[in-house]
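Reviewing the structure listed below.
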Amino acid sequence: MPDPTSELPFVILDALRPISQRRILNRRGSAVWDVETETRRYAVKLGYPIAPTPEWPAQPWTALAPAREGAVFHRLDLDDIAYGEWELGTWNIQPWHEGPDLYGLWEPCRADGSAIEPHVSVALSCAKALARLHAQGWSHGDVQPAHFIIGPDRTHLIDLALAHGQPVPPSYDFPYRGCLVHYEAPEISRSILERGVAEPTPAADVYALGASLFISATGWRAVAYPDDASRPQQRKAIVNATHRPVNMAGPLGVLINGMLAYDIEKRPSIDEVVKALN
Ligand SMILES: Nc1ncnc2c1ncn2[C@@H]1O[C@H](COP(=O)(O)OP(=O)(O)O)[C@@H](O)[C@H]1O
Ligand SMILES: [Mg+2]
């Protein structure tokens, strides 16, 4: 079958008139292009439906995700965004954010015998990015290290396709069925196991930020399970087990331990996280 995202759809070429373009990723119903125009650099996301595989059930929602994210951007009043439909699904255009992601930036901390400590200022910038979103009435729903881009001026929290909190157009909406399980809070995993759906919340985002900081600094998933565990097995481990001991020095260790609390009420709010790191 021809590769449907190997070229940009005409609607994007027409809207942006690129002077250069490069597809940087194509997986699981989503392709991302890095596009430069005369004036600005953009990320262009193309969604398309995917057929079932042994690992993944059929996921028609991947076709809708870019437009859903575009609608969230719109509600957030962000500049320079657009979204719409192409032959196989939906697309969005958003400003390109320069910089490494959290996992990449903290790679030196994970090297064997490394004495390099993760920078508290980086953790603070990630917490501030999430705090901005929560303050605007949204939960992200898919917090993970790859979604924090550490820019020279500020950190950007990307991939808002699963964010919840305010209405999005019903034609582009779809139920929340969890995120990457390594970052899923126990109450989300339990809800997915029991009902197939869940509700993203600020408290679950705080847990996911704790798990993201922990894995980026140490290389360890917050909750232990075998690499080849199925997704239901991973979720059962999250629901039934306690997280690994957070043996990181300094203020980050204490804070992450609290963020990974099993009980929602025991987790700090994102504002408390920001305050603790400031
Ligand atoms: N605005 C952006 N600026 C820079 N890179 C981006 C941007 N949006 C996406 N990317 C890159 O594309 C990858 C996938 O994007 P993401 O929004 O997470 O889409 P997906 O739905 O495929 O997970 C990111 O991890 C990042 O490397
Ligand atoms: Mg993503």
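The values are calculated or read from the model by the stated rules, or taken from the named source; none is laboratory data. What you are looking at is a predicted structure, and each value in this text was computed from that prediction instead of being measured. No Cβ is skipped: glycine too gets one built from the backbone with ideal geometry, and neighbour counts run over all protein chains shown.
Observations
- The single condition among (1) under 22 Å from HIS119 (Cβ atoms); (2) surrounded by fewer than 16 Cβ atoms within 10 Å (Cβ to Cβ); (3) in contact (Cβ under 8 Å) with a residue 12 or more places away in the chain that ALA241 does not satisfy is (1).
- For THR242, the conditions (1) at pLDDT 95 or above; (2) out of contact with any Leu (no Cβ under 8 Å at 6 or more places or on another chain) are fulfilled apart from (1).
Let's see how each residue does on (1) modelled with pLDDT of 95 or more; (2) of a type in the set (D, E, K, R); (3) outside the structural domain of LEU213 (by TED's automatic domain parsing):
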site: TRP56; (1), (2), (3): no, no, yes
site: ALA82; (1), (2), (3): yes, no, yes
site: GLU87; (1), (2), (3): yes, yes, yes
site: TRP106; (1), (2), (3): yes, no, no
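- Within region 232-269, the only residue that satisfies the criterion of being of a type in the set (Lys, Arg), under 21 Å from the mean Cα position of the chain (by Cα) and part of a helix (DSSP H, G or I) is ARG235.
- Any chance PRO200 is assigned to a loop (DSSP other than H, G, I, E, B), touching a residue at least 60 places away in the same chain (Cβ under 8 Å) and more than 19 Å from LYS45 (Cα to Cα): yes
- Conditions (1) away from ligand 2 (no atom under 16 Å from the Cβ); (2) crowded, with 17+ Cβ neighbours inside 10 Å; (3) assigned to a loop (DSSP other than H, G, I, E, B); number of the one not met by ASP112: (2)
- Counting the residues of region 146-160 that are within 19 Å of ASP77 (Cα to Cα) and within 9 Å of ligand 1 (Cβ to nearest atom) gives 4.
- Conditions (1) in a loop (DSSP other than H, G, I, E, B); (2) within 14 Å of ligand 1 (Cβ to nearest atom); (3) among the acidic types (Asp, Glu); (4) modelled with pLDDT of 95 or more: number failed by GLU69: (1)
- Test: LEU64 is modelled with pLDDT of 95 or more, within 15 Å of ligand 1 (Cβ to nearest atom) and either hydrophobic (A, V, I, L, M, F, W, C) or over 19 Å from the mean Cα position of the chain (by Cα) (or both): yes
- Selection status of VAL143, within 16 Å of ligand 1 (Cβ to nearest atom), modelled with pLDDT of 95 or more and either β-branched (Val, Ile, Thr) or more than 29 Å from ALA229 (Cα to Cα) (or both): yes
- Boolean, LEU76 is among the hydrophobic types (A, V, I, L, M, F, W, C) and either within 16 Å of ligand 2 (Cβ to nearest atom) or buried (at least 18 other Cβ atoms within 10 Å of the Cβ) (or both): no
- Qualifying residue in region 55-62 (condition: of a type in the set (A, V, I, L, M) and either assigned to a helix (DSSP H, G or I) or surrounded by 15 or more Cβ atoms within 10 Å (Cβ to Cβ) (or both)): no
- All positions within region 94-109 that are within 16 Å of ligand 1 (Cβ to nearest atom) and assigned to a helix (DSSP H, G or I): LEU102, TYR103, GLY104, LEU105, GLU107
- Put simply, of ALA51, ALA67, ALA115, ALA129 the only residue that is touching a residue at least 40 places away in the same chain (Cβ under 8 Å) and among the hydrophobic types (A, V, I, L, M, F, W, C) is ALA67.
- Consider region 178-192 and keep the residues that are over 14 Å from the mean Cα position of the chain (by Cα) and charged (D, E, K, R). The one that is surrounded by the fewest Cβ atoms within 10 Å (Cβ to Cβ) is ARG190.
- Count of residues meeting criterion [under 15 Å from the mean Cα position of the chain (by Cα) and surrounded by fewer than 22 Cβ atoms within 10 Å (Cβ to Cβ)] in region 160-173: 2
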